[in-house]
1. Suppose we filter Lys300, Lys290 for residues that are out of contact with any Gly (no Cβ under 6 Å at 6 or more places or on another chain) and charged (D, E, K, R); which single one remains?
2. Go through the stretch 45-100 residue by residue and tally those that are over 17 Å from Met207 (Cβ atoms), polar (S, T, N, Q) and touching a Phe, Trp or Tyr at 6+ places or on another chain (Cβ under 7 Å).
3. Which residues, counting only those in the stretch 76-96, are buried (at least 21 other Cβ atoms within 10 Å of the Cβ) and more than 16 Å from the ligand (Cβ to nearest atom)?
4. Could you run through the stretch 203-239 and say how many residues are near the ligand (Cβ under 9 Å from one of its atoms) and under 11 Å from the mean Cα position of the chain (by Cα)?
5. When you scan the stretch 5-13, do you find a residue that is away from the ligand (no atom under 16 Å from the Cβ) and either among the β-branched types (Val, Ile, Thr) or closer than 17 Å to Ser210 by Cβ (or both), even just one?
6. Criterion first (assigned to a strand (DSSP E or B) and either on the phi > 0 side of the Ramachandran plot or not assigned by TED's automatic domain parsing to the domain that holds His319 (or both)) does Val179 satisfy it?
7. Of everything in the stretch 160-189 that's within 25 Å of Cys98 (Cα to Cα) and touching a residue at least 60 places away in the same chain (Cβ under 8 Å), which residue is surrounded by the most Cβ atoms within 10 Å (Cβ to Cβ)?
Amino acid sequence: MGRFLDESLAGILPYTPGEQPQDMQYIKLNTNESPYPPSQSVIDAISCDEVQKLRLYSDPSTKLLDQAIADYYRVDISNVISGNGSDEILAFVFKAFCGKKGMACPDVTYGFYPVFCQLFGIKYISVPLDDNFCINVDDYKDIQDNVIIANPNAQTGICLGLDEIEKLVCQNKNRLVVVDEAYVDFGAQTAVPLTQKYDNLIVVQTMSKSRQLAGARVGFAVACESLINDLKTIKFSFNPYNVNRLSTIAGAMAIKDHDYFDECCDKIKLSRKYLVDCLEKLGFLVLPSKANFVLAKHEKMSGQEVYAKLKQKGILVRHLGDERIKDFVRITVGTNEQIKQLAYTLSGILFGEKI
Ligand SMILES: Cc1ncc(COP(=O)(O)O)c(C=O)c1O
């Protein structure tokens, strides 16, 4: 701690992003990016002309992007806010709505939630997943604080049905429920339609995973107009030009290209099945994932060791230190070619032979 840092931040444990090595080419299966490029319409729209315009500020209302999102989800533009990645949107949510109320979330989930609580001085309530790593909605019924869940859940990939989400929202209409749908497009059902019915629900999404734009940093939230207006108050009190010119265009073009989106999601769902089959053949226990990653463990080797040995061989996966999942590695669904290479390498690491 430097001598000028505010004392309230002295103990903060910042979020650790997945490795983004700049030195060598890895098969990169560690941060749940898409293995596919952005839509051709994104590439075409980022023209020389648009680059020339970078001397001008971006549109603080992000109208082009918000309208494209609103059209896609058939909601009004007043129900949408966009941000510099969904991390920024989540930060706005924590800042806006968690003063007196704390935030409750599963004990295994996206690691940024407790960090936001620490950063903004918010009471953090950790609710254990059940023994099968599932969220049990009934565990939240007596909680008066706000609730955030990722659906599918981060790290496990396990998802709740829409009926369970609705039950969570209806348990207590005086608390906010935030559903982080970073991975929803790979097989779960979105809760966006419920935002038209309930004024205590915010759905947060990202274009980093299913829309191939992790590097552009585009995220958004859909909720009733009054919640969105509160989030806009935070945005305009913090960073009014939060989505840059090129990302505004990229996000709008990506969400308009339905065919390419469907094609990439379908390919990832098929590759996920291939990945699970390969891992199970090698003796891994794999949690049932509806995301673009799987969490897997092997009785012969610790999660840390699997991670380290794969890295030595040029394949990056993620080992998350959290106590309950420390035996596992999280593997992003890549292309079938990448998965084949992973399976071949794992077989060598585990058994000294190839499958
Ligand atoms: C559950 C969850 N929410 C949000 C994010 C952040 O995504 P973004 O790239 O939009 O900031 C991630 C990133 O991995 C995530 O796993």
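1. Working: Lys290 fails: out of contact with any Gly (no Cβ under 6 Å at 6 or more places or on another chain).
The match here is Lys300.
2. Total meeting the criteria: 0.
3. Asn79
4. 8
5. Taking the stretch 5-13 as the starting set, the residues that turn out to be away from the ligand (no atom under 16 Å from the Cβ) are 5-13.
From what is left, the residues that are either among the β-branched types (Val, Ile, Thr) or closer than 17 Å to Ser210 by Cβ (or both) are 12.
Checking the stretch 5-13: at least one residue is away from the ligand (no atom under 16 Å from the Cβ) and either among the β-branched types (Val, Ile, Thr) or closer than 17 Å to Ser210 by Cβ (or both).
6. On the way: assigned to a strand (DSSP E or B): yes; either on the phi > 0 side of the Ramachandran plot or not assigned by TED's automatic domain parsing to the domain that holds His319 (or both): yes.
Judged against the criteria, Val179 is a match.
7. Checked the stretch 160-189; the qualifying residue surrounded by the most Cβ atoms within 10 Å (Cβ to Cβ) is Asp180.
One line per residue, one yes/no per condition, for (1) under 22 Å from Leu320 (Cβ atoms); (2) under 25 Å from the mean Cα position of the chain (by Cα); (3) away from the ligand (no atom under 16 Å from the Cβ); (4) in a loop (DSSP other than H, G, I, E, B):
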position	(1), (2), (3), (4)
Arg3	no, no, yes, yes
Gln20	yes, yes, no, yes
Gln25	no, yes, yes, yes
Thr31	yes, yes, no, yes
Pro37	no, yes, yes, yes
Asp49	no, no, yes, no
Gln52	no, no, yes, no
Pro60	no, yes, yes, yes
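The values are calculated or read from the model by the stated rules, or taken from the named source; none is laboratory data. Computed from a prediction, not measured in an experiment: that's the story for all the values here. Backbone-built Cβ (ideal geometry, glycine too); neighbour counts: all protein chains shown.
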